[in-house]
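The values are calculated or read from the model by the stated rules, or taken from the named source; none is laboratory data. Small disclaimer: the values here were computed from a predicted structure and weren't measured. Backbone-built Cβ (ideal geometry, glycine too); neighbour counts: all protein chains shown. What goes into the accessible areas is simple: the full protein's heavy atoms, side chains included, and nothing from ligands, DNA or RNA. Shrake-Rupley method; radii C 1.70, N 1.55, O 1.52, S 1.80 Å.
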Amino acid sequence: MSDQSDLKEFADVDSQNKEQDSVDWEERIFSDVIKINDYPSLEKGEEQTHVGMKHIEENVRKIQKTVKKEYKYSKPRFENGDTLFARITPCLENGKTAFVDILDEGEAATGSTEFLVMSATEDVLPKFVYYTARRPDVRQFAIKRMTGSSGRQRVPTDVFDNISIKIPPLEEQEKIVGFLDAIDTKIETNDRIIELCDSISQTIFSYWFESFSPYDEFKDTEEGDIPQEFSVAEIGDVCSFEYGEKLTKDEREGDEYPVYGSNGITGWHKESLIDGPGIIVGRKGVNFGSINLEMGDFWPIDTTFYIEPNNESELFYVYHLLRTVPFDHLGSDSAVPGLNRNVAEDQDIALPPEKARREFSNLVRPFHKKSHELRSENNTLSGLRDTILPKLLTGKIRLNV
(Lines give C-alpha, C1' and ligand atoms only; values in the text may rest on other atoms or scores of the structure.)
Protein backbone atom coordinates (compact mmCIF):
# COMPACT_ATOMS: atom_id res chain seq x y z
CA MET A 1 0.00 0.00 0.00
CA SER A 2 1.37 3.42 -0.91
CA ASP A 3 2.01 6.17 1.62
CA GLN A 4 -0.76 8.28 0.09
CA SER A 5 -3.34 5.48 0.27
CA ASP A 6 -2.26 4.76 3.88
CA LEU A 7 -2.87 8.38 4.81
CA LYS A 8 -6.20 8.42 2.99
CA GLU A 9 -7.38 5.27 4.81
CA PHE A 10 -6.44 6.70 8.21
CA ALA A 11 -7.97 10.06 7.37
CA ASP A 12 -11.19 8.35 6.30
CA VAL A 13 -11.42 6.56 9.66
CA ASP A 14 -10.51 9.72 11.56
CA SER A 15 -13.15 11.77 9.73
CA GLN A 16 -16.16 9.72 10.84
CA ASN A 17 -18.66 12.05 12.50
CA LYS A 18 -16.52 14.90 11.18
CA GLU A 19 -19.21 17.43 11.86
CA GLN A 20 -18.46 16.96 15.57
CA ASP A 21 -14.67 17.24 15.19
CA SER A 22 -12.70 20.27 16.20
CA VAL A 23 -11.97 22.37 13.12
CA ASP A 24 -9.24 24.40 14.79
CA TRP A 25 -6.86 21.49 15.39
CA GLU A 26 -3.87 21.21 13.07
CA GLU A 27 -3.54 17.98 11.07
CA ARG A 28 0.04 16.66 11.12
CA ILE A 29 2.01 13.55 10.24
CA PHE A 30 2.43 11.44 13.39
CA SER A 31 6.23 11.14 13.11
CA ASP A 32 6.59 14.89 12.53
CA VAL A 33 5.15 15.78 15.95
CA ILE A 34 6.06 12.61 17.89
CA LYS A 35 9.65 11.42 17.67
CA ILE A 36 10.16 7.68 17.13
CA ASN A 37 13.30 6.06 18.58
CA ASP A 38 15.14 9.33 19.14
CA TYR A 39 17.33 7.78 21.81
CA PRO A 40 19.35 9.57 24.49
CA SER A 41 23.02 8.57 24.70
CA LEU A 42 24.33 6.05 27.23
CA GLU A 43 27.81 4.86 28.14
CA LYS A 44 28.37 1.27 26.99
CA GLY A 45 29.75 -1.15 29.54
CA GLU A 46 28.01 0.59 32.43
CA GLU A 47 25.21 -0.94 34.49
CA GLN A 48 21.93 0.81 33.71
CA THR A 49 18.28 0.63 34.68
CA HIS A 50 16.50 -1.76 32.30
CA VAL A 51 12.81 -2.33 31.55
CA GLY A 52 11.79 -5.63 29.95
CA MET A 53 8.51 -6.45 28.24
CA LYS A 54 7.46 -8.45 31.31
CA HIS A 55 7.82 -5.31 33.43
CA ILE A 56 4.88 -3.69 31.66
CA GLU A 57 1.32 -4.83 32.31
CA GLU A 58 -1.49 -4.81 29.80
CA ASN A 59 -3.43 -1.53 29.68
CA VAL A 60 -1.50 -0.16 32.68
CA ARG A 61 0.31 3.17 32.43
CA LYS A 62 2.85 2.63 35.21
CA ILE A 63 6.02 0.58 34.69
CA GLN A 64 5.80 -2.17 37.30
CA LYS A 65 9.45 -3.06 37.82
CA THR A 66 13.00 -2.42 36.66
CA VAL A 67 16.24 -4.41 36.80
CA LYS A 68 19.91 -3.51 36.40
CA LYS A 69 21.77 -4.63 33.28
CA GLU A 70 25.09 -3.77 31.74
CA TYR A 71 24.59 -1.80 28.54
CA LYS A 72 26.71 -3.63 25.95
CA TYR A 73 25.06 -2.95 22.61
CA SER A 74 22.39 -0.87 20.93
CA LYS A 75 19.08 -1.18 22.75
CA PRO A 76 16.11 1.17 22.93
CA ARG A 77 16.97 3.97 25.36
CA PHE A 78 14.62 6.40 27.00
CA GLU A 79 14.11 9.02 29.70
CA ASN A 80 11.28 10.20 31.93
CA GLY A 81 8.47 11.57 29.80
CA ASP A 82 8.93 9.03 27.00
CA THR A 83 6.37 6.39 26.03
CA LEU A 84 7.24 2.68 25.56
CA PHE A 85 5.14 1.16 22.78
CA ALA A 86 5.27 -2.65 22.32
CA ARG A 87 5.79 -3.30 18.61
CA ILE A 88 5.54 -7.10 18.59
CA THR A 89 2.52 -9.39 18.51
CA PRO A 90 0.69 -10.19 20.80
CA CYS A 91 2.05 -7.55 23.21
CA LEU A 92 0.80 -4.65 21.08
CA GLU A 93 -2.65 -6.17 20.63
CA ASN A 94 -2.84 -6.82 24.38
CA GLY A 95 -2.18 -3.17 25.22
CA LYS A 96 1.41 -3.09 26.50
CA THR A 97 2.17 0.63 26.45
CA ALA A 98 3.71 2.54 29.35
CA PHE A 99 4.65 6.09 30.32
CA VAL A 100 8.15 6.49 31.75
CA ASP A 101 8.15 8.33 35.08
CA ILE A 102 10.10 6.00 37.38
CA LEU A 103 13.67 7.12 36.62
CA ASP A 104 15.85 9.49 38.60
CA GLU A 105 16.22 13.04 37.36
CA GLY A 106 18.50 13.11 34.33
CA GLU A 107 18.70 9.31 34.17
CA ALA A 108 18.43 7.36 30.93
CA ALA A 109 17.52 3.66 30.83
CA THR A 110 17.48 0.75 28.39
CA GLY A 111 14.55 -1.39 27.33
CA SER A 112 13.54 -4.48 25.40
CA THR A 113 14.37 -4.45 21.70
CA GLU A 114 10.64 -4.99 21.14
CA PHE A 115 9.83 -1.45 22.30
CA LEU A 116 9.41 1.60 20.13
CA VAL A 117 10.26 4.75 22.09
CA MET A 118 7.94 7.71 21.46
CA SER A 119 9.03 11.17 22.60
CA ALA A 120 7.39 14.59 22.70
CA THR A 121 8.34 17.56 20.55
CA GLU A 122 7.59 21.22 21.14
CA ASP A 123 4.18 20.65 19.56
CA VAL A 124 2.91 18.02 21.99
CA LEU A 125 3.01 17.29 25.71
CA PRO A 126 4.68 14.05 26.90
CA LYS A 127 1.47 12.55 28.26
CA PHE A 128 -0.41 13.61 25.13
CA VAL A 129 2.07 11.33 23.32
CA TYR A 130 1.23 8.48 25.69
CA TYR A 131 -2.52 8.85 25.30
CA THR A 132 -2.18 9.20 21.53
CA ALA A 133 -0.30 5.88 21.55
CA ARG A 134 -3.31 4.43 23.39
CA ARG A 135 -5.77 5.56 20.71
CA PRO A 136 -7.51 2.44 19.31
CA ASP A 137 -7.41 3.73 15.73
CA VAL A 138 -3.67 4.42 15.92
CA ARG A 139 -3.03 0.97 17.34
CA GLN A 140 -5.20 -0.78 14.76
CA PHE A 141 -3.48 1.11 11.96
CA ALA A 142 -0.11 -0.14 13.24
CA ILE A 143 -1.34 -3.70 13.84
CA LYS A 144 -2.65 -4.02 10.28
CA ARG A 145 0.80 -3.11 8.95
CA MET A 146 2.89 -5.51 11.01
CA THR A 147 5.47 -7.48 9.07
CA GLY A 148 7.24 -10.78 9.67
CA SER A 149 6.32 -14.40 10.21
CA SER A 150 3.13 -15.43 11.96
CA GLY A 151 3.41 -15.10 15.73
CA ARG A 152 6.51 -12.87 15.52
CA GLN A 153 5.19 -9.91 13.58
CA ARG A 154 6.44 -6.42 14.36
CA VAL A 155 5.47 -2.84 13.57
CA PRO A 156 7.96 -1.16 11.21
CA THR A 157 9.11 2.25 12.43
CA ASP A 158 8.11 3.96 9.19
CA VAL A 159 4.45 3.09 9.77
CA PHE A 160 4.21 6.35 11.70
CA ASP A 161 5.27 8.30 8.62
CA ASN A 162 1.92 7.28 7.13
CA ILE A 163 -0.48 8.39 9.85
CA SER A 164 -1.92 11.86 10.14
CA ILE A 165 -3.39 12.98 13.45
CA LYS A 166 -5.02 16.20 14.60
CA ILE A 167 -3.09 18.16 17.20
CA PRO A 168 -4.92 20.56 19.54
CA PRO A 169 -3.25 23.69 20.90
CA LEU A 170 -1.04 23.07 23.93
CA GLU A 171 -3.57 24.70 26.26
CA GLU A 172 -6.22 22.22 25.18
CA GLN A 173 -3.73 19.34 25.36
CA GLU A 174 -3.21 20.24 29.01
CA LYS A 175 -6.94 19.93 29.68
CA ILE A 176 -7.21 16.61 27.86
CA VAL A 177 -4.15 15.20 29.57
CA GLY A 178 -5.31 16.53 32.95
CA PHE A 179 -8.62 14.71 32.67
CA LEU A 180 -7.13 11.36 31.57
CA ASP A 181 -4.21 11.70 33.97
CA ALA A 182 -6.59 12.18 36.92
CA ILE A 183 -8.27 8.87 36.09
CA ASP A 184 -5.00 6.95 35.71
CA THR A 185 -3.56 8.54 38.85
CA LYS A 186 -6.61 7.45 40.84
CA ILE A 187 -6.24 3.92 39.46
CA GLU A 188 -2.56 3.87 40.45
CA THR A 189 -3.39 5.18 43.93
CA ASN A 190 -6.00 2.45 44.34
CA ASP A 191 -3.46 -0.15 43.21
CA ARG A 192 -1.01 1.02 45.87
CA ILE A 193 -3.69 0.75 48.55
CA ILE A 194 -4.57 -2.75 47.32
CA GLU A 195 -0.89 -3.75 47.54
CA LEU A 196 -0.66 -2.25 51.03
CA CYS A 197 -3.75 -4.10 52.23
CA ASP A 198 -2.34 -7.35 50.90
CA SER A 199 1.08 -6.71 52.42
CA ILE A 200 -0.39 -5.94 55.84
CA SER A 201 -2.54 -9.08 55.80
CA GLN A 202 0.34 -11.35 54.80
CA THR A 203 2.66 -9.70 57.33
CA ILE A 204 0.19 -10.39 60.14
CA PHE A 205 -0.08 -14.01 58.98
CA SER A 206 3.70 -14.37 59.03
CA TYR A 207 3.94 -12.72 62.45
CA TRP A 208 1.33 -15.04 63.99
CA PHE A 209 1.82 -18.32 62.16
CA GLU A 210 5.37 -18.44 60.74
CA SER A 211 7.63 -16.58 63.14
CA PHE A 212 5.25 -17.37 66.06
CA SER A 213 6.06 -14.01 67.63
CA PRO A 214 3.02 -13.87 69.99
CA TYR A 215 3.92 -17.25 71.56
CA ASP A 216 6.29 -18.08 74.43
CA GLU A 217 6.14 -21.86 74.91
CA PHE A 218 7.23 -24.27 72.14
CA LYS A 219 7.55 -27.98 71.47
CA ASP A 220 9.82 -29.99 69.22
CA THR A 221 8.13 -31.69 66.23
CA GLU A 222 9.03 -33.03 62.78
CA GLU A 223 8.09 -29.54 61.55
CA GLY A 224 10.58 -27.99 63.94
CA ASP A 225 9.78 -26.00 67.06
CA ILE A 226 6.15 -24.87 67.05
CA PRO A 227 4.00 -23.26 69.76
CA GLN A 228 2.53 -25.62 72.36
CA GLU A 229 -1.02 -24.78 71.18
CA PHE A 230 -0.22 -25.77 67.57
CA SER A 231 -0.36 -29.25 66.04
CA VAL A 232 1.30 -30.90 63.04
CA ALA A 233 -1.34 -31.39 60.38
CA GLU A 234 -1.86 -31.38 56.62
CA ILE A 235 -3.45 -28.82 54.31
CA GLY A 236 -6.26 -31.30 53.74
CA ASP A 237 -7.19 -30.91 57.42
CA VAL A 238 -8.34 -27.31 56.81
CA CYS A 239 -9.57 -27.39 53.20
CA SER A 240 -10.13 -29.51 50.10
CA PHE A 241 -9.12 -28.95 46.47
CA GLU A 242 -12.10 -29.28 44.10
CA TYR A 243 -11.97 -29.37 40.30
CA GLY A 244 -13.23 -26.41 38.31
CA GLU A 245 -15.60 -26.92 35.39
CA LYS A 246 -14.92 -26.35 31.71
CA LEU A 247 -16.28 -23.40 29.74
CA THR A 248 -15.81 -22.88 26.01
CA LYS A 249 -14.21 -19.69 24.72
CA ASP A 250 -17.61 -18.44 23.54
CA GLU A 251 -19.08 -19.09 26.99
CA ARG A 252 -16.44 -16.75 28.49
CA GLU A 253 -17.67 -13.72 26.58
CA GLY A 254 -20.43 -12.68 28.97
CA ASP A 255 -20.37 -9.65 31.24
CA GLU A 256 -21.52 -10.82 34.65
CA TYR A 257 -19.22 -13.18 36.61
CA PRO A 258 -15.41 -13.49 36.33
CA VAL A 259 -14.06 -16.74 34.92
CA TYR A 260 -10.78 -17.88 36.49
CA GLY A 261 -8.07 -19.95 34.87
CA SER A 262 -4.51 -20.58 36.03
CA ASN A 263 -3.55 -17.13 34.73
CA GLY A 264 -6.27 -15.33 36.68
CA ILE A 265 -9.40 -13.88 35.09
CA THR A 266 -9.77 -15.28 31.58
CA GLY A 267 -13.23 -14.02 30.68
CA TRP A 268 -16.75 -13.50 32.01
CA HIS A 269 -19.79 -15.78 32.15
CA LYS A 270 -23.51 -15.20 32.56
CA GLU A 271 -23.62 -17.57 35.53
CA SER A 272 -21.42 -18.30 38.54
CA LEU A 273 -20.34 -21.71 39.74
CA ILE A 274 -19.11 -20.69 43.18
CA ASP A 275 -20.54 -18.17 45.62
CA GLY A 276 -17.81 -15.83 46.76
CA PRO A 277 -15.63 -15.10 48.46
CA GLY A 278 -13.50 -18.01 47.28
CA ILE A 279 -9.98 -19.18 46.51
CA ILE A 280 -8.72 -20.37 43.13
CA VAL A 281 -5.51 -22.38 42.66
CA GLY A 282 -3.97 -23.00 39.23
CA ARG A 283 -4.06 -26.72 38.36
CA LYS A 284 -2.55 -26.91 34.85
CA GLY A 285 -0.22 -24.93 32.64
CA VAL A 286 2.86 -22.82 33.24
CA ASN A 287 1.12 -20.97 36.09
CA PHE A 288 0.02 -24.03 38.03
CA GLY A 289 0.08 -23.31 41.74
CA SER A 290 -0.98 -19.67 41.24
CA ILE A 291 -3.40 -18.47 43.93
CA ASN A 292 -6.21 -15.95 43.53
CA LEU A 293 -8.81 -14.67 45.97
CA GLU A 294 -12.17 -13.59 44.53
CA MET A 295 -14.51 -11.71 46.86
CA GLY A 296 -17.55 -12.01 44.58
CA ASP A 297 -19.22 -14.96 42.86
CA PHE A 298 -17.13 -16.58 40.11
CA TRP A 299 -16.57 -19.54 37.79
CA PRO A 300 -13.32 -21.58 38.07
CA ILE A 301 -12.58 -23.50 34.85
CA ASP A 302 -11.11 -26.97 34.55
CA THR A 303 -7.48 -25.79 34.62
CA THR A 304 -7.99 -24.75 38.25
CA PHE A 305 -9.01 -26.00 41.66
CA TYR A 306 -11.38 -24.05 43.82
CA ILE A 307 -10.82 -24.38 47.55
CA GLU A 308 -13.47 -25.54 49.98
CA PRO A 309 -12.46 -24.52 53.53
CA ASN A 310 -13.62 -27.02 56.15
CA ASN A 311 -14.90 -24.00 58.04
CA GLU A 312 -16.07 -20.93 56.10
CA SER A 313 -15.06 -18.64 58.96
CA GLU A 314 -11.43 -19.57 58.29
CA LEU A 315 -11.41 -18.69 54.58
CA PHE A 316 -8.85 -15.89 54.83
CA TYR A 317 -6.58 -17.98 57.04
CA VAL A 318 -6.67 -20.70 54.37
CA TYR A 319 -5.93 -18.19 51.60
CA HIS A 320 -2.85 -16.78 53.31
CA LEU A 321 -1.72 -20.26 54.35
CA LEU A 322 -1.83 -21.50 50.74
CA ARG A 323 0.29 -18.53 49.66
CA THR A 324 3.13 -19.83 51.85
CA VAL A 325 3.21 -23.25 50.20
CA PRO A 326 5.56 -23.67 47.18
CA PHE A 327 2.99 -25.36 44.94
CA ASP A 328 4.97 -24.36 41.84
CA HIS A 329 7.64 -26.87 42.94
CA LEU A 330 5.16 -29.71 43.42
CA GLY A 331 4.15 -30.22 39.80
CA SER A 332 3.98 -33.52 37.97
CA ASP A 333 6.47 -34.46 35.24
CA SER A 334 3.80 -34.92 32.56
CA ALA A 335 3.88 -33.12 29.18
CA VAL A 336 1.50 -30.51 30.58
CA PRO A 337 2.79 -29.33 33.97
CA GLY A 338 0.22 -29.53 36.71
CA LEU A 339 -0.60 -29.88 40.39
CA ASN A 340 -2.01 -33.10 41.84
CA ARG A 341 -4.63 -32.34 44.46
CA ASN A 342 -3.61 -35.28 46.67
CA VAL A 343 -0.05 -34.00 46.73
CA ALA A 344 -1.33 -30.53 47.55
CA GLU A 345 -3.62 -31.66 50.35
CA ASP A 346 -0.90 -33.85 51.87
CA GLN A 347 1.52 -30.98 52.51
CA ASP A 348 2.46 -30.73 56.19
CA ILE A 349 1.70 -27.54 58.11
CA ALA A 350 1.96 -26.24 61.67
CA LEU A 351 -1.74 -25.80 62.46
CA PRO A 352 -2.76 -23.07 64.94
CA PRO A 353 -5.80 -23.50 67.19
CA GLU A 354 -9.22 -22.93 65.64
CA LYS A 355 -9.72 -19.77 67.68
CA ALA A 356 -6.53 -18.20 66.28
CA ARG A 357 -7.50 -19.14 62.71
CA ARG A 358 -10.89 -17.47 63.11
CA GLU A 359 -9.45 -14.39 64.80
CA PHE A 360 -6.98 -13.94 61.95
CA SER A 361 -9.69 -14.27 59.31
CA ASN A 362 -11.87 -11.72 61.07
CA LEU A 363 -8.94 -9.34 61.44
CA VAL A 364 -7.94 -9.29 57.76
CA ARG A 365 -11.42 -9.50 56.26
CA PRO A 366 -11.81 -5.67 56.08
CA PHE A 367 -8.53 -5.40 54.16
CA HIS A 368 -9.75 -7.85 51.52
CA LYS A 369 -13.15 -6.19 51.37
CA LYS A 370 -11.51 -2.82 50.77
CA SER A 371 -9.28 -4.27 48.05
CA HIS A 372 -12.33 -5.73 46.32
CA GLU A 373 -14.09 -2.36 46.39
CA LEU A 374 -11.03 -0.62 44.93
CA ARG A 375 -10.65 -3.20 42.16
CA SER A 376 -14.29 -2.68 41.23
CA GLU A 377 -13.74 1.07 41.20
CA ASN A 378 -10.68 0.61 38.99
CA ASN A 379 -12.70 -1.45 36.52
CA THR A 380 -15.25 1.36 36.30
CA LEU A 381 -12.54 4.03 35.92
CA SER A 382 -10.71 2.02 33.26
CA GLY A 383 -13.91 1.60 31.29
CA LEU A 384 -14.60 5.34 31.50
CA ARG A 385 -11.06 6.19 30.39
CA ASP A 386 -11.09 3.78 27.46
CA THR A 387 -14.48 5.03 26.30
CA ILE A 388 -13.70 8.73 26.41
CA LEU A 389 -10.00 8.67 25.41
CA PRO A 390 -10.50 8.36 21.62
CA LYS A 391 -13.21 11.03 21.67
CA LEU A 392 -11.02 13.49 23.57
CA LEU A 393 -7.97 12.80 21.41
CA THR A 394 -9.89 13.38 18.16
CA GLY A 395 -11.87 16.40 19.29
CA LYS A 396 -15.26 14.71 19.31
CA ILE A 397 -15.57 15.79 22.93
CA ARG A 398 -14.20 19.17 24.00
CA LEU A 399 -13.35 20.17 27.58
CA ASN A 400 -14.72 23.71 28.06
CA VAL A 401 -12.59 25.18 25.32
Of the residues in segment 224-246 that are out of contact with any Ser or Thr (no Cβ under 9 Å at 6 or more places or on another chain), open to solvent by less than 80 Å² (accessible area, probe 1.4 Å) and not in a strand (DSSP E or B), the one that is farthest from A356 (Cα to Cα) is G236
Within segment 308-328, the residues that are surrounded by fewer than 19 Cβ atoms within 10 Å (Cβ to Cβ), under 26 Å from L247 (Cα atoms) and either modelled with pLDDT of 95 or more or of a type in the set (V, I, T) (or both) are E308
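For the condition touching a helix residue (DSSP H, G or I) at 6+ places or on another chain (Cβ under 6 Å), at pLDDT 95 or above and part of a helix (DSSP H, G or I), what is the one hit in S201, S206?
On the way: S206 fails: touching a helix residue (DSSP H, G or I) at 6+ places or on another chain (Cβ under 6 Å).
Within the list S201, S206, the selection yields S201.
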Expected output for segment 48-66 (first residue over 20 Å from R375 (Cβ atoms), partner open to solvent by 30 Å² or more (accessible area, probe 1.4 Å) and among the hydroxyl-bearing types (S, T, Y), Cβ below 7 Å, 6+ apart or cross-chain) is T49/T66; H50/T66; V51/T66; H55/T66
What about I36, is it closer than 30 Å to A182 by Cβ, at pLDDT 95 or above and in contact with a His (Cβ under 7 Å, 6 or more places away or on another chain)? no
_Residues that are under 19 Å from L321 (Cα atoms), among the aliphatic types (A, V, I, L, M) and in contact with a Cys (Cβ under 8 Å, 6 or more places away or on another chain): does segment 228-250 have at least one?_
no
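Answer yes if at least one residue in segment 186-197 is surrounded by 13 or more Cβ atoms within 10 Å (Cβ to Cβ), assigned to a strand (DSSP E or B) and touching a Leu at 6+ places or on another chain (Cβ under 9 Å), and no otherwise.
Residues of segment 186-197 surrounded by 13 or more Cβ atoms within 10 Å (Cβ to Cβ): 186-188, 190-191, 193-194, 196-197.
Right, trim to assigned to a strand (DSSP E or B) and you get none.
No, there is no match, as no residue in segment 186-197 is surrounded by 13 or more Cβ atoms within 10 Å (Cβ to Cβ), assigned to a strand (DSSP E or B) and touching a Leu at 6+ places or on another chain (Cβ under 9 Å).
Could you identify the single residue in G95, G151, G178 that is out of contact with any strand residue (DSSP E or B) (no Cβ under 9 Å at 6 or more places or on another chain), at positive phi and surrounded by fewer than 22 Cβ atoms within 10 Å (Cβ to Cβ)? Steps first, please.
Details: G95 fails: out of contact with any strand residue (DSSP E or B) (no Cβ under 9 Å at 6 or more places or on another chain); G178 fails: at positive phi.
Step by step, each of G95, G151, G178 is checked, and only G151 is out of contact with any strand residue (DSSP E or B) (no Cβ under 9 Å at 6 or more places or on another chain), at positive phi and surrounded by fewer than 22 Cβ atoms within 10 Å (Cβ to Cβ).
So that you can scan it fast, the table gives a plain yes or no per residue for (1) in contact (Cβ under 8 Å) with a residue 24 or more places away in the chain; (2) open to solvent by 40 Å² or more (accessible area, probe 1.4 Å); (3) of a type outside the set (D, E):
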| residue | (1), (2), (3) |
| --- | --- |
| G261 | yes, no, yes |
| K270 | no, yes, yes |
| L330 | yes, yes, yes |
| L339 | yes, no, yes |
Restricted to segment 272-307 and to residues being in a strand (DSSP E or B) and polar (S, T, N, Q), the residue surrounded by the most Cβ atoms within 10 Å (Cβ to Cβ) is T304
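Do you know which residues across segment 227-259 are free of Cβ contacts under 8 Å to residues at least 60 places away in the same chain and of a type in the set (D, E)?
Pass one, segment 227-259, residues free of Cβ contacts under 8 Å to residues at least 60 places away in the same chain: 228, 245-259.
Those that are free of Cβ contacts under 8 Å to residues at least 60 places away in the same chain and of a type in the set (D, E): E245, D250, E251, E253, D255, E256.
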Here the qualifying pairs (Cβ atoms under 6 Å; residues six or more apart or on different chains; first in segment 195-216 and closer than 14 Å to A356 by Cβ; second part of a helix (DSSP H, G or I)) come out as F205/H320; S213/Y207
Open item on the list: Taking the conditions exactly as written (surrounded by 14 or more Cβ atoms within 10 Å (Cβ to Cβ), modelled with pLDDT of 95 or more and either closer than 30 Å to L399 by Cα or not hydroxyl-bearing (S, T, Y) (or both)), does L84 satisfy them or not?
Closed with: yes
